[in-house]
Amino acid sequence: LRPNEQDGRPDVNQTQGQMSHNSNVRFVSFHKQAWLVLGSIFLVSDVVVGKNELRVSIQPVGNSLKGRPLAQQPQVQLFADGVADLFNDNNVKVSFYSNPTGSVIRGSTSLSLSMGIATFTNLNILPGGQNFRLLFKVNASDGTEVSAISDPFSCDGQEAFLRIVTQPNITLRNDPLPSVAPTVEVIDSNGVRLNANPAITISFDRNPVGGSFTNDSVTSVVAVAGLANFSTLWATKAATAKESFIPAWLENSGGYADGGAYTARFSSPGFLDVISDPFEVNPIVTILTQPYSDTVTVRRFACSGSSSCSLLLSNYIASGDKIQSATLDIDVACTDLDDAGEYISFLSVGGAPLPASAFSAGPWTSCAYAGCRTGQCPDPAAASPGGNTRRALSSYDLLPLIGSVDNTTRLYSSAGPPVAVSLGVSDAVNLCPCAGSNLLAVVTLTVSVSARAEAQALPLARQPVVALVDGDGSLYARATKLVSASLVVNTAAASLSGAVQVVTSGGVAAFTDLVVTEGGPSFVLRFGIAGGLRYADSSAFAVGTGNYPRLSLDCLDLPCAQPLAKINSEGSVLFLPPKLALQRADGTRSHSALSVTVRVAKNGPGGRLKGPATRKLADGSLAPYCLLEADGTTVSCAAAASDGAVSFDQLMLFNGNCANSQRACLLAGYAALCGQGYSLVFTANGVSVESLTFDVAGANRSPAWWAPTPADG
């Protein structure tokens with residue numbers, strides 16, 4: 001400071017002006033004047049604060065023994081515009097910037113500046129670890145907060161560790177089944193979880209197939225309260241270990257390859273890495289060929305003409321076949337169906353023209369010149385007709401045309417009557433005919449019929465084929481796997497017999513002789529690997545619909561019983577409740593647990609069936625029993641068989657075929673004096689049986705359902 005010529009004091013204004021000429025730095029200027037009386041000498045200090053900066057002048061160095069303070073305590077210094085801020089005595093506070101082990105800082109964590117410097121003396125970090133960084137904060141003279149971060153340092157005597165809580169069991173990206181997410185915790189030497197928040201990273205340690213995590217996997221997770229959950233992980237490649245149940249003959253024959261399993265490494269700065277147990281990433285189980293019990297036949301017919309054609313579909317089922325589905329497809333050759341005015345003018349099935357919305361009439365782009373180009377005319381006689389064609393009719397359901405539902409049994413039946421098919425094209429279709437015909441159509445009839453009763457012990461008509469697929473969609477052929485089949489939805493207590501375990505070859509397992517031993521609807525097979533950990537379920541399929549099991553009220557191997565009424569009053573149950581057997585084709589009782597339904601068949605004027613809404617099962621639970629059907633008048637009751645037998649208890653049949661004036665009827669009980677009588681019909685899996693006719697006492701009527709006429713007396 002230069003002295004003022006007039007009074008000998010420093011020229012404050014001149015000094016301030018000299019220091020504030022730099023326009024590149026925003027200055028916050030103020031005067032802090034301190035007059036010190038030292039005899040007759042007066043001194044003044046004018047401090048100008050500019051750009052604030054806190055520097056770590058001495059970096060911390062970790063302790064070498066547990067429980068000891070830092071070997072080198074940190075020191076920080078505050079600067080303003082590059083000059084030490086000597087007159088700031090604010091407190092400097094220290095905390096963690098990086099704390100991977102959840103440690104704590106002990107000692108004096110707040111210290112006043114002295115001449116712009118704070119030297120810490122007793123900081124101690126427990127329990128210790130690696131890659132710590134300290135954060136220092138202080139308020140500058142202008143009130144703004146400034147901070148500084150130390151270099152990384154470590155403390156010996158680590159007492160914090162990573163520990164795997166949940167071992168990984170991850171999957172491929174497209175696997176529809178859930179995985180098991182690995183979790184890792186931070187603990188002390190006593191195994192107690194610490195409140196630490198390090199970033200933990202997972203990687204493959206043992207990687208026998210060169211796999212990786214998918215791009216959308218989250219491989220680095222910040223622990224929350226000492227726990228890291230890796231919930232978003234998928235592998236790109238499957239890797240499996242040797243299966244202990246691979247037969248020795250297969251292993252020795254060279255049909256087995258040991259793919260090996262993965263292990264995972266969990267890492268975090270300041271911790272020793274931890275390695276997971278070996279784990280498999282299994283391939284995805286897919287079903288190439290669905291299991292099917294019905295026999296499917298596909299027949300193709302040629303329909304040709306100059307502008308129209310017709311044919312009669314017949315003999316498409318054999319006598320006794322129980323048809324389950326029948327669909328029609330029609331493909332027309334592209335002779336000349338590509339311009340306006342060139343289209344299918346009509347199409348009729350079963351003698352009735354189809355509405356325009358039911359089929360595609362054309363025209364179609366590039367649907368022309370089939371007859372003028374080699375290989376573009378279809379061959380209806382070939383297994384694959386080929387050619388340049390367009391589909392006019394797709395999967396048209398023929399069942400309503402060729403059969404009907406019985407009003408009593410509620411079952412569909414068809415004798416396979418002939419079906420007429422005809423179609424025509426507009427006159428403008430006249431270019432490049434196929435085999436001389438402007439119109440050539442391939443009519444495809446696909447029919448399925450259920451397995452016959454005598455085929456109950458035979459393998460499924462269509463056997464399943466299962467594939468194991470890797471992450472890239474290719475077949476998983478690196479390691480041989482054992483694929484097991486089981487019944488996961490079993491509507492009839494059936495058994496699955498045959499070779500239920502098949503070893504893959506090239507990633508494919510082809511089953512050849514699976515048998516579902518009982519008839520019933522909606523069976524589902526499950527195909528699993530790795531002890532059932534990964535699996536795929538088949539589509540639901542029926543077995544023996546309309547053919548088995550057979551139902552009998554007159555069996556000899558258990559007490560079957562026809563229904564019988566009793567001399568009684570209103571609301572009495574049947575004197576003899578009906579009991580049925582579910583039989584095989586040879587008459588022996590099956591072991592089925594199929595549900596059987598009963599309704600009234602022969603029914604005098606107004607009779608009604610009634611029973612409890614629920615029934616108690618052998619295990620004490622309740623199951624639905626009797627209900628009013630959607631038509632609002634029909635009552636049906638359903639009960640599951642047990643070991644091939646079922647009894648319908650607590651049924652009531654209210655009378656409607658006796659007049660009150662016939663006193664003989666009231667006294668005769670179930671004698672044949674009370675009209676035409678009743679019968680019950682029982683159905684299960686498309687099979688039915690009707691009881692013998694029986695009568696109901698005249699007093700057993702329901703006024704709510706049928707008014708008594710004439711009046712009594």
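The values are calculated or read from the model by the stated rules, or taken from the named source; none is laboratory data. Bear in mind the structure is a predicted one, so any value in this text is a computation, not a measurement. As a convention, Cβ positions derive from the backbone with ideal geometry for all residues, glycine included, and neighbour counts pool all protein chains shown. Side chains are part of the model used for accessible areas, which takes the heavy atoms of the whole protein and leaves out ligands, DNA and RNA. Shrake-Rupley method; radii C 1.70, N 1.55, O 1.52, S 1.80 Å.
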Taking a probe of 1.4 Å and leaving out DNA, RNA and ligands, the stretch 286-398 shows per residue an accessible area in Å² of 48
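For a protection proxy built on the mean count of beta-carbon atoms within 10 angstrom, sort 580-589, 311-320 highest first, please.
Working: 580-589: 19.1, 311-320: 13.3.
With the highest mean Cβ count within 10 Å placed first, the list reads 580-589, 311-320.
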Any trypsin sites (Lys or Arg not before Pro) in the stretch 477-583 that lie in a DSSP loop and have at most 16 other Cβ atoms within 10 Å would be 566
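Carbon-plus-sulfur fraction of the accessible area of the stretch 71-169, 1.4 Å probe, in percent?
On the way: 1950 of 4360 Å².
Answer for the stretch 71-169 is 45 percent, counting heavy atoms of protein chains only.
Among 107-117, 643-653, 348-358, how do they line up from the highest to the lowest mean number of other beta-carbon atoms within 10 Å?
Working: 107-117: 15.0, 643-653: 19.5, 348-358: 12.4.
Highest-to-lowest ranking by the protection proxy: 643-653, 107-117, 348-358.
Scaled to the compact-protein estimate 2.2 N^0.38 Å, what is the alpha-carbon radius of gyration of the stretch 499-652, rounded to two decimal places? Don't jump to the answer; show the numbers that get you there.
Details: Rg = 20.4 Å, N = 154, 2.2 N^0.38 = 14.9 Å.
Working it through for the stretch 499-652, the quotient is 1.37.
Got a number for carbon plus sulfur as a percent of the stretch 574-617's accessible area, 1.4 Å probe?
Values: 1040 of 1920 Å².
Carbon-and-sulfur percentage of accessible area, whole number: 54.
When the accessible area of the stretch 387-426 is split by element with a 1.4 Å probe, what percent falls to carbon and sulfur? Numbers along the way, then the final one.
Details: 930 of 1900 Å².
Ligands and nucleic acids excluded, carbon and sulfur give 49 percent.
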